[in-house]
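Written below as structure tokens is the structure these notes are about.
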Amino acid sequence: MSKKLIIIGGGAAGFFLAANIKSEHWKTSILETATQPLLKVKMSGGGRCNLTHATFSTSELVKNYPRGEKELRSVFSRFQPADTFDWFETKGIELKTYDDDCVFPGSNSSQTIIDLLLNEAKKNGVNVQYCSEVIDVKHDSDKFTVSVKDRTYEADSLAITTGSSPKMWQIIENLGHTVIPPVPSLFTMNCRNRILQNLAGTTFPEAELTLSDSKIKQSGILLVTHQGISGPAVLKISSFGARKMHELNYRFDLKVNFISASFEEASDILTGHKCENPKKSIYSSNIHQVTNKFWNNLVQEAGIAEKTWADCGKSDFTKIANLLTNTELKITGKNPHKEEFVTAGGVDLKEVDFKTMESKLVPKLYLAGEILDIDALTGGFNLQACWSEAYVISRNFI
């Protein structure tokens with residue numbers, strides 16, 4: 001007689017788990033709240049599905065997970081991006097890697113991935129029940145009783161893959177688990193500063209950002225927006241500093257080095273330029289490879305826009321070098337990145353065995369995806385964690 005596995009949540013982790021269970025000993029069902037499956041996969045990558053990232057070193061891969069870096073080492077040793085490539089390509093899906101190492105299906109359509117996962121689950125005889133919102137889970141002896149609005153299900157094993165779900169977090173707490181309260185992650189920042197005035201759309205390719213009074217620091221491309229700042233550097237520091245920024249109510253000082261050079265290096269370049277161009281207007285000079293508009297704002301803020309290079313002294317260069325390498329922006333709020341809402345929070349990672357993804361507190365309960373206190377930077381890393389965690393769970397059912 002077959003045993004029963006219920007998967008709560010028809011998202012990436014849930015369907016990848018279903019697609020990898022090929023056992024005559026298990027009868028598998030998915031309970032999904034929505035009327036259709038894989039909605040986040042459908043929206044991923046602007047509808048193109050950024051399904052992984054071409055980072056094949058586990059030690060490098062885990063650096064993209066502000067929460068879960070240590071735990072995911074074990075998971076990725078079992079199933080990492082190279083395995084994701086193999087899995088999809090052996091099933092006929094062409095994958096394309098772009099210059100930023102983000103990976104998409106060759107069709108540039110998330111529907112390609114959705115159709116494959118649905119077909120694989122169907123091949124494995126998985127029963128999918130839509131419009132089935134779980135309202136309670138009980139665990140007695142060696143059985144689970146899962147309640148939806150109009151009926152109950154019994155299962156020998158249970159996998160919860162619902163993503164960021166306050167209702168499901170409450171159910172998991174009722175089973176004895178600890179849930180780390182969720183806070184926003186991956187957001188842009190609001191600020192006003194005269195040196196950024198009228199610079200919307202301007203990028204700084206090698207900016208360094210530091211959250212004041214902390215060791216939280218990130219670097220990368222900085223983008224000026226109409227409301228403040230965005231770009232990869234901002235998203236990274238918002239993710240790694242998610243909890244600290246939440247504690248500060250998203251009002252804090254952010255130190256910015258626009259040119260990824262030291263104060264001394266910036267000063268030396270300014271001094272050298274003075275020697276070579278003493279009679280030239282400082283306002284019309286553009287050095288340090290920044291845009292003309294930014295340079296103009298910079299020298300106006302320093303109060304030296306009317307001077308020539310010969311007129312500038314050490315104190316003037318100190319002002320410019322400080323603005324270039326140590327400007328302090330007062331952040332006054334946040335906005336979601338491209339309407340996404342990513343959270344840091346979920347089931348406490350200390351309560352999960354990452355060799356199997358089984359709960360340490362409730363036998364035969366498995367957890368994967370954003371229900372856990374794991375989140376990642378943009379670029380396909382969140383989906384990769386879902387594939388990997390789900391695959392590890394599937395090995396318990398062969």
### Message
Considering only residues that are in contact (Cβ under 8 Å) with a residue 60 or more places away in the chain and within 18 Å of His288 (Cα to Cα), which ones fall in the range 219-260?
### Response
Val256, Asn257, Phe258, Ile259
## Note on the structure
By residue number, the members of the range 249-270 that are in a helix (DSSP H, G or I) and loosely packed, with under 14 Cβ neighbours inside 10 Å are Glu264
### Summary
Wholly inside the range 327-398, strands (runs of 3 or more DSSP E) that include 3 or more residues that are closer than 20 Å to Ser238 by Cβ and among the polar types (S, T, N, Q) are 327-336
### Task
Scan the range 350-385 for residues that are among the hydrophobic types (A, V, I, L, M, F, W, C), within 30 Å of Gly46 (Cβ to Cβ) and open to solvent by 20 Å² or more (accessible area, probe 1.4 Å) and report the count.
1
### Task
Test Gln300 against the stated conditions and say whether it is open to solvent by 60 Å² or more (accessible area, probe 1.4 Å), assigned to a loop (DSSP other than H, G, I, E, B) and out of contact with any strand residue (DSSP E or B) (no Cβ under 7 Å at 6 or more places or on another chain).
no
### Message
If I filter the range 235-248 for residues that are crowded, with 20+ Cβ neighbours inside 10 Å and closer than 17 Å to Leu199 by Cα, do I get at least one hit?
### Response
no
### Message
With in contact (Cβ under 8 Å) with a residue 12 or more places away in the chain, open to solvent by 30 Å² or more (accessible area, probe 1.4 Å) and of a type in the set (A, V, I, L, M) as the only criterion, which of Ile172, Ile216 stands out?
### Response
Ile216
### Summary
Of the residues in the range 137-166 that are touching a residue at least 24 places away in the same chain (Cβ under 8 Å), farther than 18 Å from Asn396 by Cβ and out of contact with any helix residue (DSSP H, G or I) (no Cβ under 6 Å at 6 or more places or on another chain), the one that is surrounded by the fewest Cβ atoms within 10 Å (Cβ to Cβ) is Glu154
### Task
Only residues that are among the small types (Gly, Ala, Ser) and either touching a helix residue (DSSP H, G or I) at 6+ places or on another chain (Cβ under 7 Å) or without any contact (Cβ under 8 Å) to a residue 12 or more places away in the chain (or both): list them for the range 13-44, please.
Ala13, Ala18, Ala19, Ser23, Ser44
### Query
Of the residues in the range 49-98, how many are within 24 Å of Gly220 (Cβ to Cβ) and among the aromatic types (Phe, Trp, Tyr)?
4
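The values are calculated or read from the model by the stated rules, or taken from the named source; none is laboratory data. Just so it is clear, the model here is predicted, and its values are computed rather than measured. Cβ: placed from backbone, ideal geometry, glycine included. Neighbour counts: every protein chain shown. We work out accessible area using only protein heavy atoms, side chains counted, and drop any ligands, DNA or RNA first. Shrake-Rupley method; radii C 1.70, N 1.55, O 1.52, S 1.80 Å.
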